Amino acid sequence: MKVVRAEVMGMCFGVRDALKIINNIPDPRSVTIHGQLVHNETVLVQLDASGFAMTDETSRQEVPETPVVLITAHGVSDRERSRLADAGKRIVDTTCPLVTRVHQAALNLQKQGYFVVLIGRRGHVEVQGIIEDLERFDVVSTEDEVKRYPADRLGIVCQTTAPARTVERIREAIARDNPDAEIRFVDTVCLPTKEHQRSLERLLDQVEAMVVVGGRNSNNTRELAKLCQERGIPSIHVQGPNDLDPEWLSRFENIGLTAGTSTLDSTIDEVHHAMLQMTVNVEA
Ligand code: SF4
């Protein structure tokens, strides 16, 4: 069996920078990470072992007990930042600059009188942070959710990890259902997400099956797996080498390997190594 690695995969600069900041914190026990630093189980276990407290993503309305609160790469609303500051918390901010760009784009559109349509996954922490500062908005994840909006100016922005093909389909649906509206589109999908997707598109022409590595609730990893599915290429989404299935792998000669933007290089290498080992064992 041959394993072909995607040209671009794995950790993006936003996650690397967040990890760099966190690795330089001298006293982890004084810090609560406000949500999941990254949607990656391996990293979360390491952070827990280092002594950081972590707020569950579903209970961020509570004020953490520690004096320092760390905002994750997914960002929070200005409202949330003020709430934590008012509670006397010192904030360490690891928000990715490309997430901040979406916040700014959405707020600028609102200020200019546009009704904001955010293309993204409702309930995702990044999306939550963006909409909490908006007054008139909608969140859509598929073209079926698009409506005729009660506004004559529509401003569209995207969650950073939204797939380009979904964005295009939703843009078209918004234009179709709102023929009289002036529509302004700001492409806020981040470059690493686009590069991961494009690299996977190229790889799908060369392989029979795909292994996608990343956290179960990592949006961009799930989108990579979804792209394989849409192209009719069998794929498995694994968090690490233990999730691999030797019997499944043995059915293919050429298998591609890609990984989401919060996957550690070491995890990708472990999966790659385990895939090669499994083939040797199955063939023996
Ligand atoms: S996926 Fe994009 S927006 Fe998210 S942390 Fe990485 S670079 Fe930043």
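Computed values, structure above
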| quantity | calculated |
| --- | --- |
| Estimated FRET transfer efficiency (L107, K2; beta-carbon r; R0 51 Å; 0.05) | 0.55 |
| The range 98-185, accessible surface, carbon-and-sulfur percent (1.4 angstrom probe) | 47 |
| log10 of Debye I(q)/I(0), alpha-carbon scatterers only, for the range 115-158 at 0.13, 0.27, 0.33 Å⁻¹ | -0.25, -1.03, -1.34 |
| Helix-only mean residue ellipticity at 222 nm for the chain, each DSSP H run of n ≥ 4 adding -39500 (n - 2.57), per residue, nearest 500 | -12500 deg cm²/dmol |
| At q = 0.07, 0.09, 0.11, 0.15 Å⁻¹, base-10 log of I(q)/I(0) for the chain (Debye sum, equal scatterers on each alpha carbon) | -0.29, -0.48, -0.70, -1.12 |
| A49-E135 FRET efficiency (beta carbon distance; Förster radius 51 Å; 0.05 resolution) | 0.75 |
| Span from the the range 69-108 Cα centroid across to the the range 112-153 one, whole angstrom | 19 |
| Computed lengthening from R153 to S250, 0.36 nm per intervening residue step minus Cα-Cα distance | 29.5 nm |
| Cα centroid separation, the range 252-272 to the range 13-50 (Å) | 22 |
| DSSP-defined antiparallel bridges as percent of all bridges, the range 98-185, nearest 5 | 0 |
| Förster radius 41 Å - calculated FRET efficiency between E65 and E143, Cβ distance, rounded to 0.05 | 0.40 |
| Around V15: net Lys/Arg minus Asp/Glu count, Cβ-Cβ under 15 Å | -4 |
| Probe 1.4 Å, protein heavy atoms only - accessible area per residue of the chain in square angstrom | 46 |
| Along each principal axis, Cα extent of the range 98-185, largest first, Å | 30, 28, 18 |
| HN-Hα J in Hz across the range 83-94 - Karplus 6.51, -1.76, 1.60, θ = phi - 60°, x for Gly and Pro | 4, 5, 5, 5, 7, x, 8, 8, 9, 9, 9, 10 |
| 11 Å beta-carbon shell around S50, net charge (K/R +1, D/E -1) | -1 |
| Unit charges on C-beta of K, R, D, E only; dipole of the range 98-185, Debye | 160 |
| The range 126-165 residues near the modelled S82 label - backbone nitrogen below 18 Å, point 7 Å along Cα→Cβ | 129-136 |
| Summed side-chain charge close to L227 - residues other than L227 whose Cβ falls under 14 Å, Lys, Arg +1, Asp, Glu -1 | +2 |
| ³J(HN,Hα) computed for each position of the range 23-39 - Karplus, 6.51 cos²θ - 1.76 cosθ + 1.60, integer Hz, glycine/proline x | 5, 9, 7, x, 10, x, 5, 8, 10, 10, 7, 7, x, 8, 3, 9, 7 |
| Percent accessible area from carbon and sulfur atoms, the range 1-69, protein chains only, probe 1.4 Å | 49 |
| nm² value of the averaged projected area, convex hull over the Cα atoms of the range 165-243 | 6.6 |
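The values are calculated or read from the model by the stated rules, or taken from the named source; none is laboratory data. Just so it is clear, the model here is predicted, and its values are computed rather than measured. As a convention, Cβ positions derive from the backbone with ideal geometry for all residues, glycine included, and neighbour counts pool all protein chains shown. These area figures cover heavy atoms from the full protein model, side chains too; ligands, DNA and RNA do not enter into them. Shrake-Rupley method; radii C 1.70, N 1.55, O 1.52, S 1.80 Å.
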